[in-house]
Every structure is written in structure tokens, then in C-alpha cells.
Amino acid sequence: MQFTAAQIAMLINATIEGDANASVGSFGKIEEAQKGQLAFLANPKYEDFLYTTGASIVIINATQELKQTVSATLLRVPDAYTAFATLLSKYQEMATQQMTGIQEPSYIAKTAKLGQNIFVGAFSYIGEHVTLGNNVKIFPNTFIGDNVRIGDNTIIHPGVKVYHDCIVGKNVTIHAGTVVGSDGFGFAPQADGSFKKVPQIGNVIVEDFVEIGANATIDRATMGSTLIKSGAKLDNLIQIAHNVEVGNNTVIAAQAGVSGSTKLGNNVMIGGQAGIVGHLFIADGARINAQSGVSKSIKTPNTAVTGSPAFDYTSTLRSQALSRNLPDMEKRIKELEKLVQQLLAEKVNL
Amino acid sequence: MQFTAAQIAMLINATIEGDANASVGSFGKIEEAQKGQLAFLANPKYEDFLYTTGASIVIINATQELKQTVSATLLRVPDAYTAFATLLSKYQEMATQQMTGIQEPSYIAKTAKLGQNIFVGAFSYIGEHVTLGNNVKIFPNTFIGDNVRIGDNTIIHPGVKVYHDCIVGKNVTIHAGTVVGSDGFGFAPQADGSFKKVPQIGNVIVEDFVEIGANATIDRATMGSTLIKSGAKLDNLIQIAHNVEVGNNTVIAAQAGVSGSTKLGNNVMIGGQAGIVGHLFIADGARINAQSGVSKSIKTPNTAVTGSPAFDYTSTLRSQALSRNLPDMEKRIKELEKLVQQLLAEKVNL
Amino acid sequence: MQFTAAQIAMLINATIEGDANASVGSFGKIEEAQKGQLAFLANPKYEDFLYTTGASIVIINATQELKQTVSATLLRVPDAYTAFATLLSKYQEMATQQMTGIQEPSYIAKTAKLGQNIFVGAFSYIGEHVTLGNNVKIFPNTFIGDNVRIGDNTIIHPGVKVYHDCIVGKNVTIHAGTVVGSDGFGFAPQADGSFKKVPQIGNVIVEDFVEIGANATIDRATMGSTLIKSGAKLDNLIQIAHNVEVGNNTVIAAQAGVSGSTKLGNNVMIGGQAGIVGHLFIADGARINAQSGVSKSIKTPNTAVTGSPAFDYTSTLRSQALSRNLPDMEKRIKELEKLVQQLLAEKVNL
């Protein structure tokens, strides 16, 4: 794909300085870019690269002053970094939309229903009665189990496994290696010390605009659905147990885990490696610090907690600071004991 | 598959009320079920659905009273939920047993030995000299390395990777994305600060009736075997290091990790995100709380520990509670210091 | 492959006792080994097996005395275990080098450039403009995205996913299921509570001699590169966030996580399940204990820290020990309060 300075200026609402017909086909760092590439300059500290760059087009801040003439076509915008990021975002979207067709060999059950403009990569498996919406992109080496439904514009990265009967919404992104719909961890203890599996016959529902990172695991419900609500963002290596509900726009950082049947409200933020025990309720807007261990429901919205077990953020920080003073406190108690013994002895002597 | 009320009644030992020839082919929630579906009513709170459901057969509690006539055939049992779960379990087993054959394309080495009634999904790789027992089900996109042996009735979900020479027993279930037999983390420090790999030439043995969750990792032994003993249940994203031994019916929750050469006894229970350092011994029946960090062997059976570092459960809870009182304790010490100084000053004054 | 005692003696610099033409094709434990196998005896405690083993060749310590005649050919070396490990290491290397060719079906883009003596396993996907160096071994079910470059002698185990534009050096090993180059977790909060994705347009660079365990995740940079420097060793289930830099020969144990833009120095050691927050600097040689939560930069080289939040190792151990004495400290304060009240009361009485 080739774009002219005029076309890009329209996309990012820029003022053109130089040849409006200059064209580019790829991106480069300003210090390394070659003819036919687009670069940006956001930090004035690197201004000198502007005069030596091989880039054909450079996006710069409207306020950037020039000490010399520049061979590249300049596109001036209020914020060069944001404009560049916007451009990349649009470019990635276009590139993804252009991935279409069915690579061979792949396995697509005859009963599967495929939307318009989809992509199915090589070695991907599409089970019986699967429905793929329009513009769905399934990367290679992916497993989509029987009866799964995937909504429009959703991107499934390589090696994702979606078990049977799960539902994935529109505009969802799931990164490589993530497993959706594996059995919940349900075993009934038997008299002889062994465990009997409790069948896990529910599914997982991932709503629209959710993004899930790489190598995460989201278990299917025992009955009913494990639910990831619209706009939630889940990082890599996260564990979501059976029958959990993750609220709208809730954000969970890497390696955190949520145990069975816990309901997270909307706009909750969970730090990395935090854990939440099962059957709790976490109110809207709660903030759970990294590595926290939440063992009780959080009933007040917007509460911040930290520690394992987790308590109110501010008071925990004070307790943690004091616990670092324990050697000093112990010394003060010892000193007091000596003085009081002295006073007691003297009293006797009186 | 279609089943009549009479057939189902026999499977779950139920009393039939209504048409014994009513037949069903799938399951549904009582409030949504249609003709040809089976539902259940466990909670009397939802009794009203019994009179409006479209289900052809409903399993109900023996004690359930009826206020109106019901169009569905009723199957009465002592506990409707348990009967329904049992039925589902049998149904899933049957459905899995009916998955047979080799999907194409798959890769099966000529030296592999395949049992009766097996299933190998598309894009699965079966290496040289692999042995698959009877009724083994290998889902798509799975890698079974050279010389691996898998026992009867074992189910390997999509995208599992079993490295060469590992042994998996009978009636085992391994969920999607799990890796069995990757190299243990063994590196010998060199004089120049770099590390030299210690070859990991052992294997992993997974005994019968083990279940392992999704995206877990179980490293092969440096020499000998990493051993997961019969009936153990391991959740998602668990790390089992080289030469670890997991005892019979031991249960490990999600994201927990066990370091190299540690031996876990039988019927141990390990909470989520807990960690156990290497070369320890954990006695039978020990209970390790979520997020605990176990740094010493647990020699007494049935001990419960918590905290990082982990200590006796009850005393740790008391210490944790007191540490939340540290601001108060500090205040009390300050007050004592003031009073003692006052007493000392007055003594001087006397 | 068959090797004679004479050939093996040369490889490990051993003295031969017995038939120099005895030959072996595989390894076995001394107590189980059969004709045609090689075993070793390191621990004199197991000497008796030397007289009963079926092994054709046994490596023993130079100092090992014999009470009876031995039918196997003996290879004497200063340290039998080390010699055996060296041999295995060479054997594994040879075996890996002998894996060559392209298994079918696989998917190799026409624009990919393949080096000499490479192996590509079945169901592996090699994208457009990928470069594979000489002796690269790609196991089955692997995804190598567009424009990825992989250096000589690197081994990619089954089910690894490397996203587009990432660079992997020479002599690297990546274990099964690991994801390299997934999107960093970057979302800009919007006024309505939802999040807008920040495009992640950087890549991951994995330098030479790095080893990465199974099911780990290494995110691509937002811009620029996430960097794993030469000789670093990363264990299973590790999370490396966008724009992180891992120093030379730095070692990270299983389930640890490093948040965005943090720079780890050289020869840092990070224990299992530890977490490091974003935008920190960790000095060379720092040691971070298992389950630690590092929330501040570590500026002094070779500092050891522990705890969550993490502080100096020795003082934290003392505070942790004292926190276990809190019930006792609380009792001592109560006693002091009683005595001081008594003294105050008596003063009044005087």
C-alpha cells in the first residue's frame, strides 16, 4: 500500500509543507528511515535527525521550529506522537481487514457458517455448527470448537483454543495461546479421599470490545455462563474460574486470578498477580493493588485495597510501614520494661 | 442421540409421572427449554416454570408438590440436581466415546501404535513409537512427542504438547494448551557470569485418573521422572518443576507453583497462587492457603499454613490481625513512654 | 545411532576397561539397563548393580573399586555423573542436528528464506519474508509470523507463537506454548469509562543464547523493542511486559512478572512468582526473592530484597520474625500499662 502526503494529511488533519505528492509505503524511526518511508518527530531534542533523515514524509509538531531546510515533506499537527499513533492504528486496521480467504490446509466443518470477508489461517480448526461473523480473522493453528459463535470484526490470534458452545462477541481481540471454555475446577471429595469430577456443562460468554491477552485461561461455567462483559481488558496469563462475572470496562493486569463464582463490578481495576477468592462481590470502581489477596467482598464502590489478605489501601500502607519499625518498637518496649522495673524496685526501697 | 423418559429413568433410578415414551435429544434450562429437551427443577422457588416449560421431560425432587397439571413427563428422584449432573456426566462420557477416527490432515508416524476406538483430531502430531491405548481421544492441534505412551480412556484437549518419552496413564484428562515434559530449569553458573544448560534427560509420568487444567506446565526431570500420582487434580496455569512428586489425590489450585525436587504427600491441598520452594517435603493432608509461600518442609500430616513466608494457620491469622493494630500499639508505647518519663521526673523531684 | 566404547571414551576422555568395541545405541539406569545400552554409576552405594547390570558400557568414577568381575565395558573418568551429563548433552545436540527437512503438511510462504540443515515440523506456519538461519529447528504446530528473523542453531519447541516482525537470535531455545510478540497491555481511558487501545507497533528482540521456558508471554513494545539480552534464562509461565529490558545472563524463575518499561540489569536473579512494577531500574546483580513485590528501583548493584512490598533482605527477615512475636509484644505492652497505672495510682496515694 502506498499513500501520498496529501492522503495522510487528510487522515490526521495535518498542514502540508513540501511536496504533497511524496508517497510512502512503510514506517521508520526518523534516524533510520529511508526514501519511501514515513517517520515522526515528537521530541525537539532529536530535531537534528530532521535534517539528515532519508524519510520521504515526517510528521512534526505544529510548534516545531526549523533551523535548516528539510528534504522530506512535513506534516504539521498539534501533537506528532498522537497523530502517528492514530495513523498506525488505522493502518493496522486496514492491514487486518485485507487479510481474507481460507489458507490451506485448514479444517472447516461443513455445518459451519462463515461471514463475509473472513480470514482462516492454515491449520485452523473450525468445528461443527460454528458461526463466524463478517470480517472475523482467525490466525493459523487455532481451534474453534463445535457450536461456537464469533461476532463481527473479531480477531483470534494464533494458537487460541475456544471450547465448544462458547460465545465471543463483536470487535473482540484474543491473543495467542489463550484458552476459552476449559472445564472449571470442580471435584467432589469422596469418602476414600479421591475426587469425582463435577461435569462442567456451562459455557463462556465474551461480550463485545473485550481484549484478552496471551496464554490466559477462562473456564466454562459449571452450569450457565462465565461472563466477560463488554469492554473488559484482560492481560496475559490471567485465570478466570468457572461462573465468574467480569464487569464492563473492568481491567485485569497480568497473572492475576479470580476464583469461582466471584462477581466483579464495572470499571474495577486489578493489579498484576492479585488473587480474589471465590464467591465474592467486588463493587464498581474498586481498585485492587498488585499481588493483593482479596478474601472478603468489597461492598463500597471505588474502594482501594492492598496486601494479602487485602485491606483498605491507606491504612495498610501505614501498618506495613510500622511493621518495618518493629525492631525499633521492640527496643522501646524493652527499655520501658527496664525503667518500670527500676521504678517498682525503688518504690519497694522507699 | 434420542432418549426416552423410560431410558433416562433407568439411568438415574427415577419414578416416572406421565408419558414414559416422551423423548429428548438435548438439555435446556427449565425457563427456556423446548419440545425435545430435558430440564430439571431443583429449587422450589422456580416451581412456576414447571407449568410453562416447553421441555418434554423434567427431573424434579421427590418432595416437589404440584399446584397444577404439567405437560412434561416428570422424573422424580431424591435430589434433582445430583441426578441431572449424573446424567450429564454419563452423556458427556458417551459423546466423547463416540468421537472416533482420524481426522485429516493429521501426522501419525508409521511406528506409532494405536488402540481401539481412538480419535485423533486434525493437525495433531503423533511422533515415532508413540503408543495410544484404547478409547484415547486426542483433540486437534495437539503434539505428542516420540516414544510417549498414553493409557486407555485418556482425553487430550486441543493444543496440548507432550514432549518425547513422557508417560500418561489411563483415564487422564489434560486441558488445552498444557505442556508436559518441557525442560527443567537447570543451568550451571560459569566463571564469566553466564550459564551452561544442564541437560534434562528424565521424563514426566502422569498416573491414572489425574486431571490437569489449561496452560499448565510440567517440566521433565533432570534424570528420572517428575511424577504426578494417581488421582491428583491440577488447575490452570500451574507450574510443576523438574523432579517434583505430587502425591495421590493431591489438589493444586490455579497459578500455584512447586519448585524443583519437592515431594508433596497424598491428599495435600494447595490454594491458588501459592508457591513452594525446592527440595522440601510436604506431609500428607497438609493444607496450604492461597498465595502462601512455603519455605520449609511440613513434617506433620494435616498441618494448615498460610502467609509468605508460610507458618501455622491459626497463629498467622492472629499475627496478621495484630499487625493491623500496629498504629494503635505504637500509640500505646508512646503513651507509656510519656507516663514513665513523668514518673521518673517526679521521682527526681521527690 | 550406535557408538563404541572407544568412541565414547574419546568424547569424555575416559580410560577403557574391557572390550573397546562394545557398542550402545541408547541410555538406561544401571539397575534396568539392557544389552546395547549405556549406564553410569556415580554413587558407590549402588555398586552392587555394577555386577548385575545388563548394560554393555558403564561410566564409573576413577576411584571406584571393584569387588567382582564386571561383564560390561567400564569407562573410568574423574566424575561419572558429569561425564554422563556431558555425553547426554552432546548426544541431544547431535540428535537435534539430525532432525532436518520439511515435514508435510506445513505452510511456508514463498518469500521465506530458509538456511541450511533446518527442520520445520508438520503443521508449522512460516509467514511472509521470514528468515530462518542455518540449523534452525522448528517443531510441529508452531507459528512464525511475517518478517520474523531467527538466527542459526535456534530451537523452537512445539506450539510456540512468534508474532510478526520479532527477532530471535542464535542458539536460542524457546519451549512449547510460549508467545513472543503479543500486544502490550496499553489502553487509554476514555471519558465514558471505556478504554481505547494504544497500538503496539514495536517488536521483541531475543538475543543469542537465551532460553525461555514453556507457556511464557513476552509482549512486543508499544514502539521500539522489548529486549531479552544475551544469555538470559527465563522459566515457565513468565510475563514480560511491553518495552521491558532483561539484562545479560539475568535469570527469572517461573511465574514471575515484569511490568512495562522496567529495565533489569545484568546478572539479576528473580525468584518464582515475584513481581516488579513498571518503569523501574533494577541494578546489576540484584537478587529478588520468590514472591517479592518490587515497587521501587534498586539502584545499588547486588542488593538482595524480599517481601511484598520488597525491602532489604536481612532487615525484612528480622521484621517478619518480629511480626510473628506480635501476640507476645502486645502482652508485654498490656503488662506495662498495668504496672504504670499501678505506679501512678500509688503516687496519688502517697
| Which members of region A:196-216 meet the condition of being of a type in the set (Asp, Glu) and outside any loop (DSSP other than H, G, I, E, B)? | A:GLU211
| Would it be correct to say that C:VAL130 is within 12 Å of chain A (Cβ to nearest Cβ), of a type in the set (Val, Ile, Thr) and over 22 Å from C:THR222 (Cβ atoms)? | no
| task | Answer with yes or no whether B:GLU104 is surrounded by fewer than 16 Cβ atoms within 10 Å (Cβ to Cβ), modelled with pLDDT of 95 or more, within 14 Å of chain C (Cβ to nearest Cβ) and under 24 Å from C:VAL160 (Cβ atoms). | result | no
| said: Quick check on this structure: which one of B:SER297, B:SER319, B:SER308 is under 20 Å from C:ALA290 (Cα atoms) and in contact with a Leu (Cβ under 6 Å, 6 or more places away or on another chain)? | reply: B:SER297
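Conditions (1) farther than 30 Å from B:VAL268 by Cβ; (2) in the same structural domain as B:ALA274 (by TED's automatic domain parsing), marked per residue:
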position: B:GLN291; (1), (2): no, yes
position: B:VAL294; (1), (2): no, yes
position: B:GLN320; (1), (2): no, no
position: B:PRO327; (1), (2): yes, no
position: B:ARG332; (1), (2): yes, no
position: B:LYS347; (1), (2): yes, no
| query | Of everything in region B:153-174 that's open to solvent by 10 Å² or more (accessible area, probe 1.4 Å) and assigned to a strand (DSSP E or B), which residue is farthest from the other protein chains (Cβ to nearest Cβ)? | reply | B:ILE167
| message | For the condition farther than 30 Å from C:GLY127 by Cβ, open to solvent by less than 70 Å² (accessible area, probe 1.4 Å) and more than 14 Å from chain A (Cβ to nearest Cβ), what is the one hit in C:THR63, C:THR69, C:THR53, C:THR15? | response | C:THR53
| note | Only unsatisfied item for A:ILE150, checking (1) farther than 26 Å from C:ALA176 by Cα; (2) touching a residue at least 12 places away in the same chain (Cβ under 8 Å); (3) within 14 Å of chain B (Cβ to nearest Cβ), is (3)
| message | Please go through region B:269-284 and give me each residue that is assigned to a loop (DSSP other than H, G, I, E, B) and open to solvent by 10 Å² or more (accessible area, probe 1.4 Å), ordered by number. | response | B:GLY271, B:GLY272, B:GLN273, B:VAL277, B:GLY278, B:HIS279, B:LEU280, B:ASP284
| query | So which residues in region C:151-185 are touching a Cys at 6+ places or on another chain (Cβ under 9 Å) and over 19 Å from B:ALA216 (Cα atoms), if there are any at all? | reply | C:GLY181
| Looking only at residues in region A:75-101 that are facing another protein chain (nearest Cβ under 8 Å) and open to solvent by less than 60 Å² (accessible area, probe 1.4 Å), which one is farthest from A:ALA55 (Cα to Cα)? | A:SER89
| note | By residue number, the members of region A:217-228 that are part of a loop (DSSP other than H, G, I, E, B), without any contact (Cβ under 8 Å) to a residue 40 or more places away in the chain and within 21 Å of A:GLY177 (Cα to Cα) are A:ALA221
| task | Consider B:ASN147 carefully, then state whether it is more than 20 Å from C:PRO105 (Cβ to Cβ), within 23 Å of the chain's Cα centre (by Cα) and of a type in the set (S, T, N, Q). | result | no
| said: All but one of (1) over 18 Å from C:SER259 (Cα atoms); (2) open to solvent by 10 Å² or more (accessible area, probe 1.4 Å) hold for C:LEU227; state the number of the condition that does not hold. | reply: (1)
| If you go through region B:209-219 one residue at a time, do you hit one that is in contact with a Pro (Cβ under 9 Å, 6 or more places away or on another chain), on the phi > 0 side of the Ramachandran plot and within 14 Å of chain A (Cβ to nearest Cβ)? | no
| said: Of the residues C:ALA122, C:ALA188, only one is at pLDDT below 95 and touching a strand residue (DSSP E or B) at 6+ places or on another chain (Cβ under 6 Å); which? | reply: C:ALA188
| task | Would you tally the residues in region C:95-150 being assigned to a strand (DSSP E or B) and under 28 Å from C:GLY25 (Cβ atoms)? | result | 6
| said: Being among the small types (Gly, Ala, Ser) and open to solvent by 60 Å² or more (accessible area, probe 1.4 Å) is true for just one of A:SER297, A:SER308, A:SER323. Which residue is that? | reply: A:SER308
| request: Go through region A:257-273 and count every residue that is closer than 27 Å to B:ILE270 by Cβ and in contact (Cβ under 8 Å) with a residue 24 or more places away in the chain. | output: 2
| query | So A:ALA290 clears everything in (1) more than 14 Å from chain C (Cβ to nearest Cβ); (2) open to solvent by 20 Å² or more (accessible area, probe 1.4 Å); (3) aliphatic (A, V, I, L, M) except one condition, right? Which one? | reply | (1)
| task | Mind listing whichever residues of region B:234-268 are within 10 Å of chain A (Cβ to nearest Cβ), surrounded by fewer than 24 Cβ atoms within 10 Å (Cβ to Cβ) and outside any loop (DSSP other than H, G, I, E, B)? | result | B:VAL251
| said: What are the pairs with Cβ atoms under 9 angstrom where one residue, in region A:1-29, is hydroxyl-bearing (Ser, Thr, Tyr) and the other, located anywhere, is part of a helix (DSSP H, G or I)? Sequence gap at least six, or different chains. | reply: A:THR15/A:ALA9; A:SER23/A:ALA5; A:SER23/A:GLN7
| said: I'd like the full set of residues that are more than 9 Å from chain A (Cβ to nearest Cβ), in contact with a Lys or Arg (Cβ under 7 Å, 6 or more places away or on another chain) and more than 19 Å from B:SER319 (Cα to Cα), limited to region C:297-336. | reply: C:ALA304
| task | Determine if region B:175-195 includes at least one residue that is open to solvent by less than 40 Å² (accessible area, probe 1.4 Å), among the hydrophobic types (A, V, I, L, M, F, W, C), part of a loop (DSSP other than H, G, I, E, B) and within 8 Å of another protein chain (Cβ to nearest Cβ). | result | yes
| request: Could you list all residues from region B:18-37 that are open to solvent by less than 30 Å² (accessible area, probe 1.4 Å) and modelled with pLDDT under 95? | output: B:GLY25, B:GLY28, B:ILE30, B:ALA33
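The values are calculated or read from the model by the stated rules, or taken from the named source; none is laboratory data. It should be emphasised that the depicted structure is a prediction, and the values quoted were computed from it without experimental measurement. Cβ: placed from backbone, ideal geometry, glycine included. Neighbour counts: every protein chain shown. Remember, those area values only see protein heavy atoms, side chains included, never the ligands or the DNA or RNA. Shrake-Rupley method; radii C 1.70, N 1.55, O 1.52, S 1.80 Å.
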